[in-house]
């Protein structure tokens with residue numbers, strides 16, 4: 001019995017190593033190159049030094065605080081983008097005049113680099129939370145409008161007729177038919193929007209300061225604290241990865257009824 | 001008849017922009033907002049015309065777009081072969097796959113401070129940042145494009161005597177063209193964002209820097225004009241990409257054209 005467990009674990013470990021060997025190789029190369037002195041530590045500190053710094057920053061609270069600030073900005077911006085995006089997308093799907101008014105504006109704004117609006121948002125909302133939240137919301141609102149519109153327009157007409165015939169009110173139609181039918185599309189929108197939101201938050205923090213992981217990253221670079229630069233980068237990477245995993249699980253839960 | 005229809009159609013697409021500008025002017029002119037925060041449409045238009053007559057503005061635009069397109073070209077040159085190799089070789093897929101997955105969620109602008117440490121402030125940092133950001137769309141879309149080529153096409157080509165070493169050029173890459181062009185369109189969008197963001201983080205030249213100079217010196221109408229100019233150029237670049245893509249894809253099914 002114990003043998004089988006050990007064998008199972010060894011097998012699992014072998015699989016994991018085979019799946020991740022390029023990353024392990026990269027880590028090894030990094031460590032060797034840095035500790036053999038092939039590159040100056042200011043440019044590339046050894047991986048072990050970065051991990052040491054990670055632990056140190058975690059203990060001193062210089063990691064959790066900025067992470068919380070960045071996540072707060074990301075989440076609030078996303079929430080704004082989702083609520084505005086869903087309402088606008090549904091209105092565009094249901095009302096011809098709204099579609100006529102907004103479709104050209106959205107088509108024009110979609111390919112534009114939203115970060116160009118950061119100076120405007122700083123002017124309007126200052127350099128603290130609000131300008132960053134505004135950039136996140138502005139960047140992410142477009143994917144949500146499109147997801148909500150696409151979701152709402154894919155509801156089969158006979159389902160709308162059926163609901164109407166059974167006496168569903170307009171509000172009920174929206175909440176109980178159109179919204180659930182749009183959920184697959186909306187969840188895809190969330191998956192696209194979350195990385196955009198994180199990138200926008202970090203970028204705005206790097207440009208305008210005001211704390212958060214992006215702000216700390218730029219400060220670490222200015223003081224040539226290269227191990228900290230790598231720590232903040234790795235934490236951003238991990239945050240993006242963990243949140244994406246979370247979105248996938250949420251999607252699987254919300255869409256249990258939906259066949260892929 | 002057709003011409004009138006086209007004009008009406010365009011007019012009805014343009015009218016919402018006019019309404020937006022009118023609403024902007026209404027708020028700006030009503031005195032509800034401080035004119036410094038919300039310059040009138042006229043003031044911004046004036047600034048835009050002024051910028052259009054300024055040599056150094058074109059120089060800044062050329063610097064920014066040169067950086068973004070240079071980085072984009074490098075991203076394509078490196079990313080397309082990686083995506084191709086991943087699609088045709090299991091070993092390559094096993095090697096690059098985990099690296100792509102691990103770096104996919106990394107915000108690429110966050111590499112700018114690190115690149116500044118390595119390469120200093122300037123064009124090199126900017127171009128490398130754009131290259132790294134555009135690499136992944138090229139890799140991923142090329143890979144999925146080639147993977148998505150129906151096996152039956154490969155078998156047919158083989159049956160018709162296409163040599164194995166020419167399969168890539170004759171069947172796989174043409175079949176992946178639609179996906180690769182979609183990747184190009186996405187990468188183009190990334191390239192502008194990264195180039196401008198990198199200039200805003202640290203740079204001596206470029207429109208990203210210029211906007212902040214206008215913002216800090218209080219020339220807000222020029223700042224808004226620069227934002228408008230960037231939006232316009234990004235839109236034009238996107239439309240050109242779509243038009244060229246659809247020209248390249250004219251042999252393909254209509255539903256495979258880009259929007």
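The values are calculated or read from the model by the stated rules, or taken from the named source; none is laboratory data. Note that this is a predicted model, so its numbers are computed, not measured. All Cβ positions, even for glycine, are placed from backbone atoms using ideal geometry, and neighbour counts span all protein chains on display.
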Next on the checklist: I need the full set of residues from region A:149-199 which are free of Cβ contacts under 8 Å to residues at least 24 places away in the same chain and assigned to a loop (DSSP other than H, G, I, E, B), in order please.
Outcome noted: A:156, A:166, A:167, A:168, A:169
Next on the checklist: Of all residues being under 14 Å from the mean Cα position of the chain (by Cα) and facing chain B (nearest Cβ under 8 Å) in region A:218-237, which is surrounded by the fewest Cβ atoms within 10 Å (Cβ to Cβ)? Just the residue, please.
Outcome noted: A:237
Checklist entry - Among A:240, A:215, which is the only one that is within 8 Å of chain B (Cβ to nearest Cβ), in contact (Cβ under 8 Å) with a residue 12 or more places away in the chain and in a helix (DSSP H, G or I)? => result A:240
Next on the checklist: Take residue B:72 and tell me if it is surrounded by 13 or more Cβ atoms within 10 Å (Cβ to Cβ), within 10 Å of chain A (Cβ to nearest Cβ) and within 29 Å of residue B:179 (Cβ to Cβ).
Outcome noted: no
Checklist entry - Which residue out of A:41, A:22, A:45 is touching a helix residue (DSSP H, G or I) at 6+ places or on another chain (Cβ under 6 Å) and touching a residue at least 12 places away in the same chain (Cβ under 8 Å)? => result A:45
Checklist entry - Got a number for residues in region B:217-232 being surrounded by fewer than 18 Cβ atoms within 10 Å (Cβ to Cβ), more than 9 Å from chain A (Cβ to nearest Cβ) and assigned to a helix (DSSP H, G or I)? => result 2
Checklist outcome for this item: Being assigned to a helix (DSSP H, G or I) and either out of contact with any strand residue (DSSP E or B) (no Cβ under 6 Å at 6 or more places or on another chain) or assigned by TED's automatic domain parsing to the domain that holds residue B:72 (or both) narrows B:112, B:149 down to just B:112
Checklist outcome for this item: Counted residues in region B:192-215 being assigned to a helix (DSSP H, G or I) and at the interface with chain A (Cβ under 9 Å from one of its Cβ atoms) come to 14
Item to check | Odd one out for residue B:171 among (1) in a helix (DSSP H, G or I); (2) within 14 Å of another protein chain (Cβ to nearest Cβ) | outcome: (2)
Checklist entry - Right, residue B:235: touching a helix residue (DSSP H, G or I) at 6+ places or on another chain (Cβ under 6 Å), within 30 Å of residue A:119 (Cβ to Cβ), at pLDDT 90 or above and at the interface with another protein chain (Cβ under 9 Å from one of its Cβ atoms) or not? => result yes
Checklist entry - Taking the stated definitions as given, is residue B:70 in the same structural domain as residue B:188 (by TED's automatic domain parsing) and more than 26 Å from residue A:241 (Cβ to Cβ)? => result yes
Checklist outcome for this item: When every residue in region A:70-97 that is within 14 Å of chain B (Cβ to nearest Cβ) and under 10 Å from residue A:149 (Cβ atoms) is compared, the one surrounded by the most Cβ atoms within 10 Å (Cβ to Cβ) is A:92
Next on the checklist: Being within 12 Å of chain B (Cβ to nearest Cβ) and either surrounded by fewer than 22 Cβ atoms within 10 Å (Cβ to Cβ) or not in a helix (DSSP H, G or I) (or both) is the filter here; which residues of region A:122-137 pass it?
Outcome noted: A:123, A:124, A:125, A:126, A:127
Item to check | Matching residues, region A:98-119, being more than 18 Å from residue B:189 (Cα to Cα) and either away from chain B (no Cβ under 11 Å) or surrounded by fewer than 22 Cβ atoms within 10 Å (Cβ to Cβ) (or both) | outcome: A:98, A:99, A:100, A:101, A:102, A:103, A:104
Next on the checklist: Suppose the filter is within 13 Å of chain B (Cβ to nearest Cβ), surrounded by 15 or more Cβ atoms within 10 Å (Cβ to Cβ) and in a helix (DSSP H, G or I); does residue A:67 pass it?
Outcome noted: no
